[in-house]
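Following: one structure in structure tokens, then a few remarks.
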Amino acid sequence: PFTAVLTQAKADLDRAFSIQQQLDDGVPETPEQQRAGYAEIIRLCAGADEALDAKAAAFDELRALEADAPAALAAARERHGAASGALTAAETALARLRERFTDDALAPVADNPAQARERLELATSQQEAAQAALGAGRAGEAAVAIRAAQAAIAQAETLERAITSLGTDLA
């Protein structure tokens, strides 16, 4: 996402520079054309600035992960273990719900355990990739893998909580 935003911002600024060159060349523009050109330059520059600002916080977070990647990996592993335990509890809760409610009532969360397991497997593979990257001295790659593991774990947690939430709603 960072590369895509940077590429788009560069393209927008190149376009703004082109418009400015047209306004500065020897061919006079009407006042309306000048206003439209300057408005477009402002729009392009503001859009590039907003897009870069939107990614700045995420980029800073990634840099912080990179700076302390071993601790972040340890925290992700701990959270992964907790999520695995919660998934087991959620599967038990879903089994109890199946005894009380119809399949139609449980359809919104019926495949949540399987989806959560897939997310946790993805998190495991990302954690392994992060560990390998750390071992090779590539903290930047490790940070990206840790971020992916964190996202997968968060998705698994959301899927788990949905089971409990539906059970509460049905009760």
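Restricting the calculation to Cα atoms, the chain shows an Rg/Rh of 1.25 when the hydrodynamic-style radius is the Kirkwood one.
Give me the percent relative contact order of the chain, please, defined on Cα pairs under 8 angstrom at least 6 residues apart.
Numbers: 147 pairs, mean separation 43.0, N = 171.
Relative contact order for the chain comes out at 25 percent.
Computed log10 I(q)/I(0) for the range 10-79 at 0.29 Å⁻¹: -1.16, from the Debye equation with unit scatterers placed on every C-alpha and solvent omitted. Ordered by 1.4 Å accessible area with all protein chains kept, 161, 117, 15, 100 run largest first as 100, 161, 15, 117. On C-alpha positions alone, give me the angle between the axis of helix 69-100 and the longest principal axis of the chain, in degrees, nearest 10. Its long axis makes an angle of about 50 degrees. Dividing the summed helix terms, -39500 (n - 2.57) for each DSSP H run of n ≥ 4, by the number of residues in the chain produces a 222 nm estimate of -31500 deg cm²/dmol to the nearest 500.
Shape analysis of the range 58-128 yields a ratio of the Cα radius of gyration to the Kirkwood radius, Rg/Rh, of 1.16. For the range 77-171, the calculated P(r) over all alpha carbon pairs, in 5 Å bins from 0 to the bin holding the longest distance, is 3, 15, 23, 17, 13, 10, 8, 5, 3, 2, 1 percent.
The values are calculated or read from the model by the stated rules, or taken from the named source; none is laboratory data. This structure is a prediction, so every number in the text was calculated from the model and none was measured. Accessible surface is based on the protein model in full, side chains and every heavy atom, while ligands, DNA and RNA are left aside. Shrake-Rupley method; radii C 1.70, N 1.55, O 1.52, S 1.80 Å.
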